[in-house]
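One structure below.
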Amino acid sequence: MVCYQKYAGHQSAQAGEAKKLLERQGGKIYEIAATVGFDNARHFNKVFRELEGMTPQQFRVRKHMGN
């Protein structure tokens, strides 16, 4: 259980950093995924959706629309 909690906490930190980059940059999603430490953009999308309730692209669009 401890290993899972560390892993989940790490992913949450990665998603938090990704959110900052998505708000500030116009880079590709796979580039942001790599920057925050994901080797696979599909996995990044899955983790981000599980944590945030939306895909990284949806998050970016909402933030740029002011919601």
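Report whether or not LEU22 is touching a Pro at 6+ places or on another chain (Cβ under 9 Å), of a type in the set (A, V, I, L, M, F, W, C) and modelled with pLDDT of 90 or more.
Working: touching a Pro at 6+ places or on another chain (Cβ under 9 Å): yes; of a type in the set (A, V, I, L, M, F, W, C): yes; modelled with pLDDT of 90 or more: yes.
The answer is yes for LEU22.
Before we move on, is MET65 modelled with pLDDT of 95 or more and of a type in the set (A, V, I, L, M)?
Numbers: modelled with pLDDT of 95 or more: no; of a type in the set (A, V, I, L, M): yes.
Judged against the criteria, MET65 is not a match.
The values are calculated or read from the model by the stated rules, or taken from the named source; none is laboratory data. Owing to the predicted nature of the structure, the values given are computational and were not obtained by experimental measurement. Note: ideal-geometry Cβ built from the backbone for every residue, glycine included; neighbour counts use all protein chains shown.
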